């Protein structure tokens, strides 16, 4: 069974408070598209304006794919229901709220 | 998942499933109850020793067991979070006085973090052969460390 990998990429720059607002809208992550091929399927927790509740997602090139949407589209049928429940359910209060 | 994500597989992913990386917010994917920071790279241990004490010397136990210490769980943050240079006491190289301020020697260390998903009952232990059964997954981790010279 292949193990899930998540890349938590860090930025090597230090920001002062004045650069903070600028730093938040960085395009840094999009520089790593070639890290995320089919040979490197990561798993992480993401949210967005369309997916407001943090949930499990993966990444391919520069696209983030929310797993619950794949489950909703019946694309992960060969996975046990107990795991599907886990993949769809992330309680923000159970994580450090970061 | 590889099959689903393969553009050549003929499987269509609903458009609502996908968003560009610049449009999402990443969150810490796990709740870190505790973590152990291991120092097992000989090169790193000698380099760090040189920076902090001036001499290249591994700790006495280095060749006998994996050297590690308990880290501060709340210091683990998700990638992209701006880092504040850590503050601490250190000896100013010019005046010789102990001062408090932003560390002047901040290094970054690329590490692999093993997320333990299957705990051990209290009082029990395992060997490396069985470790994989307890590892949920791996992440890359950047350990920012203040490496000011030790106070002597």
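What follows is calculated from the coordinates using simple rules that are stated; it is not laboratory data. Every value quoted in this text rests on a predicted model; they were computed, and no experiment measured them. Here the Cβ positions follow ideal geometry from the backbone for every residue, glycine too, while neighbour counts run over all protein chains shown.
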Give the residue that is farthest from the other protein chains (Cβ to nearest Cβ), with candidates limited to residues of region A:42-61 that are in contact with a helix residue (DSSP H, G or I) (Cβ under 6 Å, 6 or more places away or on another chain) and farther than 18 Å from residue B:78 by Cβ.
A:61
Determine whether residue B:107 is over 18 Å from residue B:35 (Cα atoms) and either exposed (fewer than 10 other Cβ atoms within 10 Å of the Cβ) or touching a residue at least 40 places away in the same chain (Cβ under 8 Å) (or both).
yes
Checked against (1) within 30 Å of residue A:37 (Cβ to Cβ); (2) outside any loop (DSSP other than H, G, I, E, B), residue B:29 satisfies every condition except (2)
Filter region B:48-95 for residues that are assigned to a loop (DSSP other than H, G, I, E, B), within 14 Å of another protein chain (Cβ to nearest Cβ) and under 19 Å from residue B:146 (Cβ atoms) and give the result.
B:72, B:76, B:77, B:81, B:82, B:83, B:84, B:85, B:86
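When you scan region B:110-122, how many residues do you find that are outside any loop (DSSP other than H, G, I, E, B), in contact with a strand residue (DSSP E or B) (Cβ under 6 Å, 6 or more places away or on another chain) and either surrounded by 11 or more Cβ atoms within 10 Å (Cβ to Cβ) or without any contact (Cβ under 8 Å) to a residue 24 or more places away in the chain (or both)?
First, pick out the residues of region B:110-122 that are outside any loop (DSSP other than H, G, I, E, B): B:110-116.
Narrowing further to those that are in contact with a strand residue (DSSP E or B) (Cβ under 6 Å, 6 or more places away or on another chain): B:111-115.
Narrowing the set further to residues that are either surrounded by 11 or more Cβ atoms within 10 Å (Cβ to Cβ) or without any contact (Cβ under 8 Å) to a residue 24 or more places away in the chain (or both) leaves B:111, B:113-115.
Number satisfying all stated conditions: 4.
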Take residue B:4 and tell me if it is within 14 Å of another protein chain (Cβ to nearest Cβ), in a helix (DSSP H, G or I), surrounded by 12 or more Cβ atoms within 10 Å (Cβ to Cβ) and over 17 Å from the mean Cα position of the chain (by Cα).
yes
